[in-house]
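Asker: Here it is, the structure, as structure tokens.
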Amino acid sequence: MNFRTITQAKIEDCSCIRHLASRIWEPTYRNILSPEQLAYMFEWMYSIPSLENQMKSGHVFFIAYDDGQPAGYMSIEKEHDNRYHLQKIYVLPSKQGKGLGSFLIKEAEKYLRQLHPEGVIVLALNVNRNNKAFLFYEKSGFKIEREGDFDIGNGFFMNDYIMVKELE
């Protein structure tokens, strides 16, 4: 088993997150989204100013390291009360299927339980309806709450399942 660690990202880590995303984004979505939508969404979510704005507006980013090298990331945003949204969770293609995604989910749950030691926490996420990661989320205990088609501008939509998991 590989040595895994996780750190909460700071503003100065935005370039690391962008670099990871540049290696993950296209392989993850090339069979689902058009090249135009891929490029649009990448800049919309992963430009340095966008990442900085996300952090300043309440997204808490984490970078996962595998044997000391950045290998994945996630961000969590509070929606309301005890409901949080796992806005991003991505792992390098070369690290997929090796437990790093499960490590990130467990770390997200641990972080949220520290924020709310008592009571039920709901963790939600969006996943494209054609993304094979849907099966990973199901295996991780998430259930479909609803479907949504979200207009993200430039004539593009995200066609997602919204999945939830209750943490007790």
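Read-outs throughout are calculated quantities, based only on the coordinates presented, and are distinct from any laboratory measurement. As the structure is a computational prediction, the values presented were derived from the model and not from experiment. Glycine gets a Cβ as well: all are built from the backbone with ideal geometry, and neighbour counts include every protein chain shown.
Asker: With the structure loaded, tell me whether Y84 is closer than 22 Å to S57 by Cα, under 17 Å from the mean Cα position of the chain (by Cα) and not acidic (D, E) or whether it fails that test.
Answerer: Yes: the conditions hold for Y84.
Asker: Okay, next question. If the Cβ limit is 7 Å and pairs must be 6+ apart or interchain, which residue in the stretch 49-74 that is farther than 13 Å from R18 by Cβ and touching a residue at least 60 places away in the same chain (Cβ under 8 Å) pairs with which residue that is in a loop (DSSP other than H, G, I, E, B) and of a type in the set (S, T, N, Q)?
Answerer: D66/N2; D67/N2
Asker: Here are N131, N126: which of them is under 15 Å from the mean Cα position of the chain (by Cα), assigned to a loop (DSSP other than H, G, I, E, B) and in contact (Cβ under 8 Å) with a residue 24 or more places away in the chain?
Answerer: N131
Asker: Pick from the stretch 61-115 the residues that are part of a helix (DSSP H, G or I) and among the hydrophobic types (A, V, I, L, M, F, W, C): which of them is surrounded by the fewest Cβ atoms within 10 Å (Cβ to Cβ)?
Answerer: Among those that are part of a helix (DSSP H, G or I) and among the hydrophobic types (A, V, I, L, M, F, W, C), it is L115.
Asker: Test each condition in (1) assigned to a loop (DSSP other than H, G, I, E, B); (2) in contact (Cβ under 8 Å) with a residue 24 or more places away in the chain for Y137 and report the one that comes out false.
Answerer: That leaves (1) as the condition not met.
Asker: Filter the stretch 22-60 down to the residues that are in a loop (DSSP other than H, G, I, E, B) and of a type outside the set (S, T, Y), then identify the one that is farthest from F136 (Cα to Cα). Steps first, please.
Answerer: Here is the first cut: in the stretch 22-60, the ones in a loop (DSSP other than H, G, I, E, B) are 30-34, 47, 57-59.
So of that shortlist, the ones also of a type outside the set (S, T, Y) come out as 30-33, 58-59.
Numbers: R30: 19, N31: 18, I32: 17, L33: 20, G58: 26, H59: 23 Å.
For the stretch 22-60, the residue satisfying everything is G58.
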